[in-house]
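The values are calculated or read from the model by the stated rules, or taken from the named source; none is laboratory data. This is a predicted model, so every value here is computed, not measured. Note that each Cβ is placed from the backbone with ideal geometry, even for glycine, and that neighbours are counted across all protein chains shown.
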């Protein structure tokens, strides 16, 4: 068992790990860095769209499913969202104080609002919309990016001319950071959908950056009692559900150094008869996953994945352990450099609820409609963009979702 080297009178250290430095930098990125990241992300979006078209044909037809979006609609929505909050936003420079209902500038694409505004277009109707062909959507993605970069150059000149402080820069750059992260979330969702539909992806599109954990620790980790500030603090971008931060007292606890692996999970399956996730089977002493019409061997040392929260809770009940709370997970990652994360999203036991004093940001549909109906997941997965892999980020899904790349780790109060 690994324990941090702390004396009783020493407050737990907070490690600023390089494991999330890229995400930290992105949340505080200035215009030049943002321009690079916006272009890189749009290249990934177009690459994923190309992979889909190669597999499905230029019509990119997929079956109606509650967990999917039509690929052409989703790509158009990415372009629309960026244009709506940046190029068409008259109150762009107000940041979180922007009135979301103000009249926008015209869109570059006719009827864009009626086609791609996810707040107004019901999910199932997206399959029947005339969104245009692949070439039209590619053009829309190109045009909206160019408009965004033009606005960013204008804002950069403003920052230089007026010598804006970091806090003032956070306001005028807020929507550029928002649209960057929004697009990266949709990129990850495209990888989930491709796995569900057996669509092959280029490795660089599926897994944008390797995740390297340089100092693995075996076995459980002992986490000392302490105070933790849950939520975002300081300068830079924050999602509304990360605010405001507040202090929470945590008793000492023990937590797994790694997410539960397949060999650990298979022991539970064998002992209890619990079902394996869809597309997985144990055959001839080997774990196999069905993809692309073929059975692919799965490493038993890899984190178990495509598990819902009920699977995680059942394992914990069998093992005499618990799922960590959101606060326990975040605290442990920040103070314990030996904790490995980022291979799979990790279920917590915490419901997705607002922090005390929550105030919605202009994109009001991001958090508030989902409070109380979702569960918090922490971490990242191999499909997550490097600049989204931040331990303060609150991912959330309904607990029955197994299409996402989710697993879990266990803990116990000591």
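Does residue 135 satisfy being within 23 Å of the chain's Cα centre (by Cα) and either outside any helix (DSSP H, G or I) or outside the structural domain of residue 384 (by TED's automatic domain parsing) (or both)?
Working: within 23 Å of the chain's Cα centre (by Cα): no; either outside any helix (DSSP H, G or I) or outside the structural domain of residue 384 (by TED's automatic domain parsing) (or both): yes.
Answer is no for this residue.
Which residues, taken from the range 108-128, are within 13 Å of residue 140 (Cα to Cα) and touching a helix residue (DSSP H, G or I) at 6+ places or on another chain (Cβ under 6 Å)?
Across the range 108-128, the qualifying residues are 108, 109, 112, 116.
Can you pull out the residues in the range 110-119 that are part of a loop (DSSP other than H, G, I, E, B) and closer than 15 Å to residue 74 by Cα?
The answer is 117, 118, 119.
Of all residues in the range 51-65, which are more than 12 Å from residue 190 (Cβ to Cβ) and under 23 Å from the mean Cα position of the chain (by Cα)?
65
Conditions (1) surrounded by fewer than 20 Cβ atoms within 10 Å (Cβ to Cβ); (2) in contact (Cβ under 8 Å) with a residue 60 or more places away in the chain; (3) not assigned by TED's automatic domain parsing to the domain that holds residue 277, marked per residue:
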residue: 302; (1), (2), (3): yes, no, no
residue: 305; (1), (2), (3): no, yes, no
residue: 310; (1), (2), (3): yes, yes, no
residue: 319; (1), (2), (3): yes, yes, no
residue: 325; (1), (2), (3): yes, no, no
residue: 342; (1), (2), (3): no, yes, no
residue: 346; (1), (2), (3): no, yes, no
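Determine whether the range 196-216 contains at least one residue that is farther than 25 Å from residue 386 by Cα and in a helix (DSSP H, G or I).
Quick first cut of the range 196-216, residues farther than 25 Å from residue 386 by Cα only: none.
Within the range 196-216 (the criterion being farther than 25 Å from residue 386 by Cα and in a helix (DSSP H, G or I)), the answer is no, since none of the residues qualifies.
Here's a check for you: in the range 279-300, which residue that is in a loop (DSSP other than H, G, I, E, B) and touching a strand residue (DSSP E or B) at 6+ places or on another chain (Cβ under 9 Å) is surrounded by the fewest Cβ atoms within 10 Å (Cβ to Cβ)? Don't jump to the end; show me each part of the working.
Keep residues of the range 279-300 that are in a loop (DSSP other than H, G, I, E, B), which gives 279, 284-285, 292-293, 298-300.
Now drop any that are not touching a strand residue (DSSP E or B) at 6+ places or on another chain (Cβ under 9 Å), which leaves 279, 298-300.
On the way: 279: 16, 298: 17, 299: 10, 300: 14.
Taking the candidates together, the pick is 299.
For residues that are part of a loop (DSSP other than H, G, I, E, B) and in contact with a helix residue (DSSP H, G or I) (Cβ under 8 Å, 6 or more places away or on another chain), scanning just the range 146-173, find the one that is surrounded by the fewest Cβ atoms within 10 Å (Cβ to Cβ). Before the answer, list the steps.
Of the range 146-173, the ones part of a loop (DSSP other than H, G, I, E, B) are 163-165, 173.
Among the residues that remain, those that are also in contact with a helix residue (DSSP H, G or I) (Cβ under 8 Å, 6 or more places away or on another chain) are: 164, 173.
Values: 164: 16, 173: 25.
Applying the filter and picking the extreme gives 164.
Given the residues 263, 240, which is the only one that is surrounded by 13 or more Cβ atoms within 10 Å (Cβ to Cβ) and either at positive phi or under 22 Å from the mean Cα position of the chain (by Cα) (or both)? Before you say what the answer is, go through the steps one by one.
Numbers: 263 fails: either at positive phi or under 22 Å from the mean Cα position of the chain (by Cα) (or both).
None of the other options fit; the residue is 240.
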